[in-house]
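The values are calculated or read from the model by the stated rules, or taken from the named source; none is laboratory data. Since the structure is predicted, the reported quantities are computational estimates derived from the model, not experimental observations. In this analysis, Cβ positions are derived from the backbone assuming ideal geometry, glycine residues included, and neighbour counts consider all displayed protein chains.
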C-alpha cells in the first residue's frame with residue numbers, strides 16, 4: 001500500500017469515529033432511559049450539603065427522595081424535559097435538580113446538591129436497579 005491510501009483510510013476511520021461520538025453525545029435522552037432507582041456517588045471534596053440516600057424515578061411519573069433512615073421525605077410528580085436534558089418536577093425544590101446526557105456507557109444523570117442554580121456542585125447518580 002502506498003502512503004496516500006493509508007492516509008485516506010486513517011482519515012476515513014477518524015471521521016467515522018468522530019461522527020459516532022457526535023451522534024451519541026447529541027442524541028436526545030428518552031424518559032425510559034431515565035426512570036429507575038439511583039444513589040448518589042461520593043466525592044472527597046464535597047461541601048456539607050444535605051443530600052438524599054436514594055432517588056426513585058418511577059416510569060409512571062412518581063419521584064421519591066429517601067433520607068438515610070429509609071423514610072421518604074419528598075414525593076412528587078416528574079417528567080423528562082428532553083430539550084433541557086433535565087428532570088422537571090411539580091416540587092419546586094426538585095425541579096431541574098437532575099440533569100442527564102448520553103455518555104459512552106449509556107445515559108448519565110447528575111444531582112445538583114444545592115437548590116439554587118448559582119451553586120453548581122453535582123454528584124453522579126448511580127443506577128441501583130440493574
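The table for this structure:
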quantity: Residue 57 vs. criteria under 20 Å from residue 102 (Cα atoms), touching a helix residue (DSSP H, G or I) at 6+ places or on another chain (Cβ under 8 Å) and modelled with pLDDT of 85 or more; calculated: yes
quantity: Residue that is within 18 Å of the chain's Cα centre (by Cα) and modelled with pLDDT under 75, where the choices are 65, 34, 24; calculated: 24
quantity: Scope segment 115-128; condition assigned to a loop (DSSP other than H, G, I, E, B) and under 15 Å from residue 34 (Cα atoms); matching residues; calculated: 128
quantity: Condition broken by residue 103, with the remaining ones in (1) over 15 Å from residue 53 (Cα atoms); (2) over 12 Å from the mean Cα position of the chain (by Cα) satisfied; calculated: (2)
quantity: Members of segment 1-38 found to be touching a residue at least 60 places away in the same chain (Cβ under 8 Å) and either outside any helix (DSSP H, G or I) or out of contact with any strand residue (DSSP E or B) (no Cβ under 9 Å at 6 or more places or on another chain) (or both), listed by number; calculated: 27, 29, 36, 37, 38
quantity: Subset of segment 79-114 [in contact (Cβ under 8 Å) with a residue 12 or more places away in the chain, surrounded by 14 or more Cβ atoms within 10 Å (Cβ to Cβ), at negative phi and not in a strand (DSSP E or B)]; calculated: 91, 94, 97, 113, 114
